[in-house]
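These notes concern the structure reproduced below.
The values are calculated or read from the model by the stated rules, or taken from the named source; none is laboratory data. Since the structure is predicted, the reported quantities are computational estimates derived from the model, not experimental observations. Virtual Cβ from ideal backbone geometry, glycine too; neighbours counted across all protein chains shown. Surface areas here come from the heavy atoms of the whole protein model, side chains and all, with no ligands, DNA or RNA. Shrake-Rupley method; radii C 1.70, N 1.55, O 1.52, S 1.80 Å.
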Amino acid sequence: MRRVGRSAEERRAELVELYKELHAEHGCPLRATRTNLVFGMGNADADLMFVGEAPGRDEDLQGKPFVGRAGRLLDELMGEVGIERSQVFIANILMCRPPNNRDPLPEEIEECTPYLMRKIGLIRPKMICTLGNFATKTLTGSPMGITKVCGRPQKRELAGLDLTIYPLFHPAAALRSTGCLNDLREHMRRIPGLLEELSTPPDAPEPEPVGAAPTSAPAASQLDLFG
Ligand code: SF4
């Protein structure tokens, strides 16, 4: 069910607290090998989230998600359907780069996923586009791989919210394969329509006011990216 009661401003403030909390001692060994923790960036009250796998080299160096070639492709494809990065929240399953971009380990996913769930619970998106296999399997809770489920919206309850998971090919895969690129482009064209359908669910509770500007200055530069 969709939680109500806390304003967008309150939820954004909690997101900032979570960001600070994550810089305290915790968790998995990737902390020792990363350059920067990549918390995520974008609109803290977004209807749409994109969730990828893990930071790569560029993301690790800059502390921001999807800023390399794959990120530029994601921006381009979002732009084709009238979506700007500032309107969405972009994150990954893991917030720290696995050495040499190896696949995330099950224990790393287990350690980091609860933080992603807290983000989802605070941002309260209507839809999450999972980018690639790891994000799709983690958030759908299904072993079905991305090639079988890409472009197929699925209803899930995550972080106490009823929302839609929309699996897509990872932009990095689209950079390597014209077929993946064509599929990704076609599937992304459906996003505005899917969001429109989700904006007026028949049994939706009254929405709370959203869009309030933050009142406190972010403590770190990455938080400047929370709209
Ligand atoms: S990957 Fe996640 S759990 Fe592991 S150190 Fe980074 S933030 Fe913590």
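Quick notes on this structure:
- Filter pass, PRO65 being open to solvent by less than 50 Å² (accessible area, probe 1.4 Å) and within 11 Å of the ligand (Cβ to nearest atom): no
- Filter pass, LEU74 being under 12 Å from ARG97 (Cβ atoms) and touching a residue at least 40 places away in the same chain (Cβ under 8 Å): no
- Scan of the stretch 86-108 for residues that are surrounded by fewer than 20 Cβ atoms within 10 Å (Cβ to Cβ) and closer than 18 Å to MET49 by Cβ, ordered by number: SER86, GLN87
- Yes/no for LYS126 being away from the ligand (no atom under 11 Å from the Cβ), open to solvent by less than 10 Å² (accessible area, probe 1.4 Å) and touching a residue at least 12 places away in the same chain (Cβ under 8 Å): no
- Within the stretch 22-83, helices (runs of 4 or more DSSP H) holding 3 or more residues that are not aliphatic (A, V, I, L, M): 57-62, 69-80
- Residue under evaluation THR136, criteria (1) over 22 Å from ARG190 (Cβ atoms); (2) out of contact with any Lys or Arg (no Cβ under 8 Å at 6 or more places or on another chain), criterion not met: (1)
- The residue list GLU80, GLU9 contains one member that is within 19 Å of CYS129 (Cα to Cα), over 18 Å from the mean Cα position of the chain (by Cα) and open to solvent by 40 Å² or more (accessible area, probe 1.4 Å), which is GLU80.
- Lone unmet requirement of (1) free of Cβ contacts under 8 Å to residues at least 40 places away in the same chain; (2) closer than 15 Å to ARG97 by Cα for VAL38: (1)
- Number of the exception - HIS26 against (1) open to solvent by 20 Å² or more (accessible area, probe 1.4 Å); (2) out of contact with any Pro (no Cβ under 9 Å at 6 or more places or on another chain); (3) more than 10 Å from the ligand (Cβ to nearest atom): (3)
- Of all residues in the stretch 29-58, those that are open to solvent by 20 Å² or more (accessible area, probe 1.4 Å) and either out of contact with any Leu (no Cβ under 8 Å at 6 or more places or on another chain) or within 9 Å of the ligand (Cβ to nearest atom) (or both) total 10.
- Some residue of the stretch 95-103 being under 12 Å from the mean Cα position of the chain (by Cα) and within 12 Å of the ligand (Cβ to nearest atom): yes
- Test result for GLY160, in contact (Cβ under 8 Å) with a residue 24 or more places away in the chain, in contact with a Lys or Arg (Cβ under 7 Å, 6 or more places away or on another chain), among the small types (Gly, Ala, Ser) and open to solvent by less than 40 Å² (accessible area, probe 1.4 Å): yes
- Members of the stretch 13-23 that are more than 8 Å from the ligand (Cβ to nearest atom) and open to solvent by less than 10 Å² (accessible area, probe 1.4 Å): LEU15, LEU18
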